[in-house]
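Quick one: the structure is below, questions incoming.
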Amino acid sequence: MAKPRVNVGMIGYQFMGKAHSNAYRQVGRFFDLPCEVVMHTLCGRTEGPLREAADQFGWANTQTDWQRVVEDPDIDLIDVSVPGHLHAPIAIAAAKAGKAVLCEKPLANTLAEAQKMLAQARDSKVFHGLFHNYRFAPAVALARQIIDEGRLGEVRHIRAVYLQDWIVDPQFPRVWRLQRDQAGSGVHGDLNAHLIDLARYLVGEFDSVCGHLHTFIAERPLPDDPTQRGPVDVDDAAMFLAKFQNGARGTFEATRFATGRKNANRFEINGSKGSVAFDLERMNELEFFDAAASSHTQGFQRIQVTQGDHPYAGRYWPAGHILGYEHTFVNLISEALTAMRGGAKFAPNFEDGVRNQRVLHAVEQSHLEGAWVSAFCAEV
């Protein structure tokens, strides 16, 4: 019997669009899905590059007007892979049209926008999910299993950093990610959003935060005219302290000025019985320390998370044949489509997006007020 089809319409085709396109193209080859994925329509503003992207990744149709994609009765799922200022209008319109919605992170540029997106998804009773793909790295999923099994005991610390260096050069142009009206914030919303989601996934809900944001280079050349310069009104570096509802404490740092670091998403979690540590640049490995081990053999063990019984890894290659960044999106899409077709809730979703956005917002408030600020969402 033929599987039911899920027709996907994706808005955006650049960096995240490539990652998502590859995931839709590959997911059915590695996972036994309850549906057939159809890459129906790819949407972007510029016809030439849009057509090239569609041909490269296998989209059947193209469209330059996102509203027409949302209104297309043949499309079941809208994927929002555009700059942050467009997340809310597209996702809200898609939900009103009765479409399932998967949205890139952070959910929105502001807490108010995120809350409106969640409210519309609930009112329309549509399926919704969020692309926090690092939850779906096998090593991160294994860390969650170890924590859920109680092998760390009482969690006491998380220290997390996300380090990049792609705008160290003062002559790097003022791209959209460096403009608040499009990106909402700088490194804080871009990279700290990932750290916040991982912390909530692995440690628990935030209670309060104390933060500091800083911009190192206040003006940059304009992309269309390098002889002119424009203001940078977002943060280049963001750091904060955190208290969690369960009593754990955390430190977080994100920057695009860590010279030599390309995509160093790292965390270490310490508990009363053990610790785990992860580095995205060594994403197939998880470090685990078990305090119950004999004292003369104690030490961090490096687990290569590629065995068939490790999360997701068994879907791909024999043990030791490592996975890459792109597989985190394939794993996420597999879980999302399975939940959608089964009428189940998927996580992370817009509720997670609102909770993450509450923490992002609280850090910004703390920076302005110079004080600890509540980051807890009792209800969303």
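Any residue in the range 292-304 that is without any contact (Cβ under 8 Å) to a residue 40 or more places away in the chain sitting within a Cβ distance under 6 Å of a residue that is open to solvent by 90 Å² or more (accessible area, probe 1.4 Å) and part of a strand (DSSP E or B)? List the pairs, counting only those 6 or more apart or interchain.
Here the result reads none, with nothing in the range 292-304 linked to a residue that is open to solvent by 90 Å² or more (accessible area, probe 1.4 Å) and part of a strand (DSSP E or B).
From the residues in the range 342-380 that are surrounded by 16 or more Cβ atoms within 10 Å (Cβ to Cβ) and among the charged types (D, E, K, R), which one is farthest from the chain's Cα centre (by Cα)?
Step by step, filter the range 342-380, then rank; the result is Glu364.
Also: Checking Asp224 against (1) charged (D, E, K, R); (2) at pLDDT 95 or above; (3) surrounded by fewer than 18 Cβ atoms within 10 Å (Cβ to Cβ), which test does it fail?
Asp224 satisfies every listed condition except (2).
Could you tell me which numbered condition Pro89 fails, if it satisfies all but one of (1) touching a helix residue (DSSP H, G or I) at 6+ places or on another chain (Cβ under 7 Å); (2) farther than 21 Å from Thr328 by Cβ; (3) surrounded by fewer than 23 Cβ atoms within 10 Å (Cβ to Cβ)?
Among (1) touching a helix residue (DSSP H, G or I) at 6+ places or on another chain (Cβ under 7 Å); (2) farther than 21 Å from Thr328 by Cβ; (3) surrounded by fewer than 23 Cβ atoms within 10 Å (Cβ to Cβ), Pro89 violates only (1).
Which condition does Asn270 not pass, out of (1) in contact with a helix residue (DSSP H, G or I) (Cβ under 6 Å, 6 or more places away or on another chain); (2) part of a strand (DSSP E or B), if it passes all the others?
Just one mismatch for Asn270, condition (1).
Anything in the range 313-339 that is open to solvent by 40 Å² or more (accessible area, probe 1.4 Å) and not acidic (Asp, Glu)? List them, or say none. Working first, answer last.
First pass over the range 313-339, keeping only residues open to solvent by 40 Å² or more (accessible area, probe 1.4 Å): 314-315, 317-319, 321-322, 325-326, 335, 338.
Those that are open to solvent by 40 Å² or more (accessible area, probe 1.4 Å) and not acidic (Asp, Glu): Gly314, Arg315, Trp317, Pro318, Ala319, His321, Ile322, Tyr325, Thr338.
Going through the range 56-69 one residue at a time, which ones are under 12 Å from Lys18 (Cα atoms) and in a helix (DSSP H, G or I)? First the steps, then the outcome.
First, pick out the residues of the range 56-69 that are under 12 Å from Lys18 (Cα atoms): 56-59.
Within the range 56-69, Gln56, Phe57 meet the criteria.
Would you check if there is a residue in the range 105-118 being open to solvent by less than 20 Å² (accessible area, probe 1.4 Å) and of a type in the set (S, T, N, Q)?
no
Right, something else. Looking at the structure I just gave you, is Asp225 touching a helix residue (DSSP H, G or I) at 6+ places or on another chain (Cβ under 6 Å) and either among the charged types (D, E, K, R) or more than 30 Å from Met283 (Cα to Cα) (or both)?
On the way: touching a helix residue (DSSP H, G or I) at 6+ places or on another chain (Cβ under 6 Å): no; either among the charged types (D, E, K, R) or more than 30 Å from Met283 (Cα to Cα) (or both): yes.
So Asp225 fails the test.
If the Cβ limit is 8 Å and pairs must be 6+ apart or interchain, which residue in the range 338-349 that is in a loop (DSSP other than H, G, I, E, B) pairs with which residue that is modelled with pLDDT of 95 or more and open to solvent by 50 Å² or more (accessible area, probe 1.4 Å)?
From the range 338-349, the pairs are Ala344/Thr338; Phe346/Glu335.
Working only within the range 1-55, note down all residues that are assigned to a helix (DSSP H, G or I), of a type outside the set (Val, Ile, Thr) and in contact (Cβ under 8 Å) with a residue 40 or more places away in the chain. Show your work before the answer.
At the first step, the residues of the range 1-55 found to be assigned to a helix (DSSP H, G or I) are 15-30, 47-55.
Retained after the next criterion (residues that are of a type outside the set (Val, Ile, Thr)): 15-26, 28-30, 47-55.
Passing the criteria: Met16, Gly17, Ala19, His20, Asn22, Ala23, Tyr24, Gln26, Phe30, Ala53, Ala54.
Tell me the residue from Pro73, Pro4, Pro49 that is over 24 Å from the mean Cα position of the chain (by Cα), under 30 Å from Ala313 (Cβ atoms), open to solvent by 30 Å² or more (accessible area, probe 1.4 Å) and not small (Gly, Ala, Ser), please. Please lay out each step first, then the result.
Numbers: Pro73 fails: under 30 Å from Ala313 (Cβ atoms); Pro49 fails: under 30 Å from Ala313 (Cβ atoms).
Exactly one residue qualifies, and that residue is Pro4.
The values are calculated or read from the model by the stated rules, or taken from the named source; none is laboratory data. Please read all numbers here as calculations on a predicted model, not as lab measurements. For neighbour counting, all protein chains shown are included, and Cβ atoms are generated from backbone atoms with ideal geometry for every residue, glycine included. Surface areas here come from the heavy atoms of the whole protein model, side chains and all, with no ligands, DNA or RNA. Shrake-Rupley method; radii C 1.70, N 1.55, O 1.52, S 1.80 Å.
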